[in-house]
Structure formats: structure tokens, C-alpha cells
Amino acid sequence: MARVIAIANQKGGVGKTTTAINLAACLAAADLKTLLVDVDPQANATSGLGIRVPEGSPTIYEVLVDGTDLIDTLRRTELDSLRVAPASYELVGAELELVNDERRAFHLRRALAGVRDDFDYVVLDSPPSLGILTVNALSVADSVIVPIQCEYLALEGLSRMLQTLDRVRDSLSPPLKLEGILRAMVDSRMNLTRQVAADVRAHFPGQVFEAEVPRNVRLGEAPSFGQPIILYDLRSSGARAYLNLMREVVRNGKKGTRARA
Ligand code: ATP
Ligand code: MG
């Protein structure tokens, strides 16, 4: 039965998609059967892995709104053990289309029930908001990774995000755990970033991944070549960081996830 991990932060541009793509790819490279589900209308995880969905083929939009079988959306990737359930821009409409649907928070949970046995890991990329798409991801997830950008006021934003997770957990999915806070886009040349990275660990002991992701040009370039970093440039600092993150996640899984969100 797969472990389902959502990548979420309501703040935009903090490295959610980069983390979703590269964690999923590193898990697959470790021979773990992995499914990446793109739950964001921007579809950056889909395009970042070089996937173009042919006109008329179903995506997560049809899965959530029409009840299409998730299996019918799956795409192969360059990595044998990695499949993607792609998103499309139509997903922006899902919020409105589901507004009167009492089960609207649970469509992804229903859809994944049919494939959880086929994978070791399911990674969910979510949009920068706490609308119905993110709520669908959090409702099916066993745990959540919160990437943060180590910058001014990062701690304030993080506390708000963790409070929100608490509320979601209380109302929707009792078993949701905090897999960990991930310090992303760490610029070691900037004192401020270093200081924030240290502060985050001090404020949230035991809840922050050892692994941190440096600002790395190669990580920024890889999506435009449709490749995860381990295929684009295995020797980059970004690849090393995401391999470290993958190892920590796998270790967590073996010993049961750390503190609750
Ligand atoms: P959104 O909230 O819009 O979905 P996001 O949280 O998913 O954004 P990403 O798309 O992962 O954030 O990253 C934002 C931009 O920064 C992208 O262009 C990405 O390629 C780049 N980027 C992410 N992480 C790094 C990094 N560690 N080093 C350099 N560039 C990065
Ligand atoms: Mg994104």
C-alpha cells in the first residue's frame, strides 16, 4: 500500500513543484514504484517532466469532476518506475464546478483508492492556495512536506501554514502527519538565508529535514528540458540535495513518520 505524500504551501514559488518532481524521480530511481499526481492547474509538474497531454485525453480534471478512472490518465516517463497523472489548465474550473458537491474534498481520495496497491509512493503537487484542490490532496495524504523559502518573514508564514494544516487535519483527515519542513532555495552566500535556515530548525525542532535544497541554476533549468535533476545533471548540488531528501523520506517511512502536523 503506497505512502501518499502531499507537497503543500499556500505561498507561491517556494519550490513545491521542484520538490514534487525531484522527490518522485529520486524515489523511482531507487526502484520504488512511484506515482506523481499533478493537482495544480498550472500543470508545472506535468510539463516539467516533458509530458504533453494529447487533445481529448483525460487528466486529473476529468478524474475530479467527471469521476474518470485515474488509471486512464497515467503517463510514462523516462524513468521506468515513475508514472504521472497529469493536470491541465481546465483544473482552474474545478473549484466552481464542485461547489455544490458535498463530497468535493474527497474525489482524489476515491480516485487513488484504486491504484494505491500498485505503487510504493504517491507524491501530490498542489497549487499555491488552500482551495478545493489542495484540500483534496491533504485529504488523501498520509503526510505533508512543507517547502519554505529561507527569506525574511519565512517563520511567520510557516507558523500560519502549520496552523492551517492543523485546521484541515481536524476537519478532514485525522491521520495527516507532518513529514517535514523542507528548507528550499537556500542561498549559502547570503547571511540572511543561512540565519533563517538555522532559525527554522531552532523553532521547529525535530520537524525540519536534515536535507536542505540549495539555490542551484541546474534545478531551475531542468524543467525546460522536461527532465528531473537526476537525469539532467546528476552531479549538481540540486541532485545531491533531492537524493538526500529521498533517503530521509524513506527512512521516515520505515520508522513511522515524525511529529504530527
Ligand atoms: P507555485 O506556487 O507557483 O506552484 P512552486 O512552489 O511550485 O510555485 P517551483 O515552481 O518549484 O515553486 O519553483 C519556482 C521557480 O524557482 C521555478 O522556476 C523553479 O524552476 C525555480 N526553482 C525552484 N527551486 C529552485 C532551486 N533550489 N534553485 C534554483 N531554482 C529553483
Ligand atoms: Mg508549483
If R0 = 30 Å, then ARG167 and ASN244, at their Cβ-Cβ distance, give a FRET efficiency to the nearest 0.05 of 0.45
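Do the sum for the chain: with -39,500 (n - 2.57) for every DSSP H run of n ≥ 4, divided by all residues, what is the mean residue ellipticity at 222 nm, to the nearest 500 deg cm²/dmol?
Calculated mean residue ellipticity at 222 nm is -11500 deg cm²/dmol.
How large is the convex hull of the C-alpha atoms of segment 109-238 per residue, in Å³?
142 Å³
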Antiparallel DSSP beta bridges within segment 1-137, as percent of all bridges there, nearest 5
10 percent
Kirkwood Rh over Cα pairs of segment 105-145 into Stokes-Einstein at 10 °C, 1.306 mPa s: D in µm²/s?
149 µm²/s
Packing-wise, with mean Cβ within 10 Å as the measure, how do 32-42, 61-71 rank, highest first?
32-42, 61-71
Greater than 21 Å separation of Cα atoms is the criterion. Which listed pairs, LYS33/LYS254; LYS11/LYS33; LYS177/LYS254, meet it?
LYS11/LYS33
Over all Cα pairs of segment 77-151, how is the pair count split among 5 Å bins, expressed in % and running from 0 up to the last occupied bin?
3, 12, 22, 24, 18, 13, 6, 2, 0
Run the Debye formula on the Cα coordinates of segment 18-165, all scatterers equal and no solvent, and tell me log10 I(q)/I(0) at q = 0.10 1/Å.
-0.34
When Rg is the radius of gyration of the Cα atoms in the chain and Rh is its Kirkwood radius, what does Rg/Rh come to?
0.94
Antiparallel bridge percentage (DSSP; both residues within the chain; nearest 5):
10 percent
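Rule-based calculations on the coordinates, nothing more; no lab input. Everything quoted here is computed from the prediction, not taken from an experiment. Counting neighbours? That spans all protein chains shown, and the Cβs are built from the backbone with ideal geometry, glycine included.
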